[in-house]
Amino acid sequence: MTPRGYREEELVCNRSSLLIHGGTEEERRSWAQEAARSFDVELVEVRQAVDLPGALKQPNGVVFIPDVAKLGRDAQFALLRCLQMQEERPKVVVGLSGAADAALTRGTLREDLHYRLHQAQVDLQKDGLRDLLRQRWARQAEQLAAKLAAAKAAEEKARAAADARRPGTVTRIAPKRKVVAVTRKAASRNAVR
């Protein structure tokens, strides 16, 4: 398949809806999760046609369909109408388990939906792309872990500083009392008074 339209790395961070095909479902999901992270939103996954209309009504976010062929042609038409008519819509990551051309031939992918997304496609079977993605995701995981560790350390430092400033947490040391030896005679004298 010859590259056309947007490059893969552009599709991750722009608002264009796209068709991602090939690879495993987990790889397609990981790609969609990366796109959701780039917009700082939760990923909404749609596996059944009945869930599609509600997911498409949100004005932003990222909707991931793991395998659009399993939704059926009617759901694909609803998706197409959303892409054509709805100005404020989420980024839709339309997954397909096999090659797009094979799905077109079998009739499991609507031609008009494929045409609508022809400028925005990611083929995970493309030479080197899967390895490139794995490396990128590994780097992102390391960066995320470092950010989380730094945030946790800062939170613990702030908590310790707040505890130090809070009244009642200061340990006060009472002055030592002078111990005086009292004789029995002095003790009985004090008792009589």
Item checked: Net length gained if the chain between Gln143 and Glu42 were fully extended (0.36 nm per residue, minus Cα distance) -> 34.5 nm
Check: In Å, what Rg and Dmax follow from the Cα atoms of segment 1-119?
Finding: 12.9, 37
Next item on the list: Starting from the residue with the highest accessible area, list Glu111, Glu26 in decreasing order, probe 1.4 Å.
Entry: Glu111, Glu26
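Given the Cα-Cα distance of Ala151 and Glu9 and 0.36 nm per residue of separation, how much length would full extension add, in nm? Numbers along the way, then the final one.
Details: separation 142, 0.36 × 142 = 51.12 nm, distance 2.78 nm.
Taking 0.36 nm per residue and subtracting the Cα distance, the gain is 48.3 nm.
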Note to self: Could you check the spin-label model distance between Asp131 and Ala160? Points 7 Å from the Cα along Cα→Cβ, value in nm.
What the structure shows: 4.5 nm
Item checked: Compactness of segment 6-66 - radius of gyration and Dmax, Cα, Å -> 11.3, 32
Check: Expressed as a whole percentage, what fraction of the accessible surface of segment 98-162 belongs to carbon and sulfur atoms when a 1.4 Å probe is rolled over the protein heavy atoms?
Finding: 56 percent
Checklist line | Sum of side-chain charges, Lys157 neighbourhood, beta-carbon under 14 Å (Lys, Arg +1; Asp, Glu -1) | finding: 0
Note to self: Give me the base-10 log of I(q)/I(0) for segment 79-164 at each q in 0.11, 0.26 Å⁻¹, Debye formula, one uniform scatterer per Cα, rounded to two decimals.
What the structure shows: -0.58, -1.21
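The values are calculated or read from the model by the stated rules, or taken from the named source; none is laboratory data. All values derive from a computational prediction rather than experimental measurement. Using ideal geometry, Cβ is built from the backbone for each residue, glycine included, and neighbour counts are taken over all protein chains shown. Areas reflect the complete protein model, heavy atoms only, side chains present, ligands, DNA and RNA absent. Shrake-Rupley method; radii C 1.70, N 1.55, O 1.52, S 1.80 Å.
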